[in-house]
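What follows is calculated from the coordinates using simple rules that are stated; it is not laboratory data. All values reported here derive from a predicted model rather than from experimental measurement. All Cβ positions, glycine included, derive from the backbone under ideal geometry; neighbour counts span all protein chains shown.
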Amino acid sequence: MTHTARAYTGRFAPSPTGPLHAGSLVAALASWLDARAWNSGHGGRWLVRIEDLDTQRCVRGGAELVLQQLQGCALVPDGPPVFQSQRIAHYQDALERLALAARAYPCGCSRKDIQAELARQGRGHQRHAELVYPGTCRAGLHGRAAVAMRFRIRSDEPAVLWTDRSLGAQRQDVAAEVGDFVLKRADGPFAYQLAVVVDDHAQGVTHVVRGQDLADNTARQILLQQALGLPTPVYLHSPLVLAVDGQKLSKQNGAVAIDPTRPLQMLNAAANTLGLPTCSGSIADALAAWVQAWRGIYNPAL
Ligand SMILES: [Zn+2]
């Protein structure tokens, strides 16, 4: 080999809660382009992971539909897709490792308990729906039944700092802004944070490219990577398609499935959201042009 290929593995990780819509296609295209643009255009690997742990939200046949839609847009993974529903034993193993290292502990608090404790501490009025866990069960359950396992943030843990390739320098004090977060509920699936960290490592993911709505999860995932002794990938959080109400476009606020009979039109809309030009001609030509444009914007050779 005459050039030094740098390892690159990226992924697109959809939840099969229905067909791809305009917003999810942006995330798919962004991660695909970044992988293809790598190594001066020589390319890296691009994988697909189906995040189907929350079975109540997944629809039957949803994964097959998403994979078909990607193929219709010529976004074809460099390997068979991974299904999170088939990887429960790996999440359990990671949870046990954390518990053995005293980095995970059982919690017996209901949402009401957490609200009451926060009020008692004078922290009752929180803007976010997600309550900061006040640490009630850090010293034990005191006879209560466990309802969840939580990650133990070290008391001297500094704020997490990372550099996002699109958003720039980022900082989150997870202890103050989130608190010890849930890794698994007794009656529910493993938490997104734990599954993503375990799977990114198992799939050898070096570069995460995903929508900006997920940027807030990054600090928690970095803490988990550190606690499990895993490397931290490079992150790029891409722009979102916004609904008319300014919120992220989702099935809840009217996103419609992409039209499989007009893949180029759908790809053009996604490309425009990413700041890439509209292309005509074949899908292959358009994708090749966007790979070049992507290299100019996001500098993936670095
Ligand atoms: Zn608790």
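Out of Leu141, Leu161, Leu131, one residue alone is within 12 Å of the ligand (Cβ to nearest atom), farther than 23 Å from Glu96 by Cα and either touching a strand residue (DSSP E or B) at 6+ places or on another chain (Cβ under 9 Å) or not in a helix (DSSP H, G or I) (or both). It is Leu131. Against the list (1) in contact with a helix residue (DSSP H, G or I) (Cβ under 6 Å, 6 or more places away or on another chain); (2) within 16 Å of the ligand (Cβ to nearest atom), the condition Ala94 fails is (2). Ala186 meets the conditions (1) more than 29 Å from Ala63 (Cα to Cα); (2) within 15 Å of the ligand (Cβ to nearest atom); (3) not hydroxyl-bearing (Ser, Thr, Tyr) in every case but one. The failed one is (1). Taking the criterion of being more than 10 Å from the ligand (Cβ to nearest atom) and part of a strand (DSSP E or B), the residues of the range 144-154 that qualify are Met149, Phe151. Of all positions in the range 111-124, at least one carries a residue that is within 16 Å of the ligand (Cβ to nearest atom), surrounded by 14 or more Cβ atoms within 10 Å (Cβ to Cβ) and of a type in the set (S, T, N, Q). With a requirement of 1 or more residues that are more than 20 Å from the chain's Cα centre (by Cα), the strands (runs of 3 or more DSSP E) lying completely within the range 1-117 that satisfy it span 104-107.
Of all the residues in the range 135-183, those that are within 30 Å of Ala30 (Cα to Cα) and of a type in the set (Lys, Arg) number 2. Which of the residues that make up the range 221-237 are aliphatic (A, V, I, L, M) and within 17 Å of Arg154 (Cα to Cα)? Ile222, Leu223, Leu224, Ala227, Leu228, listed by residue number.
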